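Report on one structure; see the data block that follows.
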């Protein structure tokens, strides 16, 4: 967000400008801080500011302190805090945790090979990532539009569908990977 109070998003040759003045005109509903939207074909030049060339670091990004081990450790702390928030506030995450524990215990019992473990870990991670994105999107939607709105409802439904798709895919992978060894162990 610049000094003028504008938020500018670049989409190739087009720019989307948001100004905190009115209502969200293209969608027709209030969007949190009431943004006025205008499409512009050419970038709006700002006086005295030179646009960086391709590959050049913009000045706003070059004034940071650079790589810091302490900052990287802090970022892991934020991620752990996010995982704790997910586990402490989302009942579906508890179901995913129980399913993860059951799958890992069964896979250890069946003594699966490395490729099978790689498939299981990838599937489990896919479900957890989908659940985290779904929860983050739901919280952002609740902040952006506290009142019920059909578009927010659709966004939440699609995010929940992503978790369902990931969960079904993980269950299929689990059956394909652990089904034959489990059947052999139970029948032999």
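Read-outs: derived from the displayed coordinates by stated rules, not from any lab. What you see is a predicted model, and the numbers here were worked out from it, not measured in a lab. A quick note on method: Cβ atoms are made from the backbone with ideal geometry, for glycine too, and the neighbour counts reach across all protein chains shown.
Okay, here's what the table says:
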{"quantity": "Per residue, the convex hull volume that the Cα atoms of segment 90-187 enclose (Å³)", "calculated": "90 Å³"}
{"quantity": "Packing rank of 140-153, 121-134, 71-84, where each peptide gets the mean count of other beta carbons within 10 Å, highest leading", "calculated": "121-134, 140-153, 71-84"}
{"quantity": "Neighbour-count ranking [beta-carbon atoms within 10 angstrom, fewest first] of 85, 109", "calculated": "109, 85"}
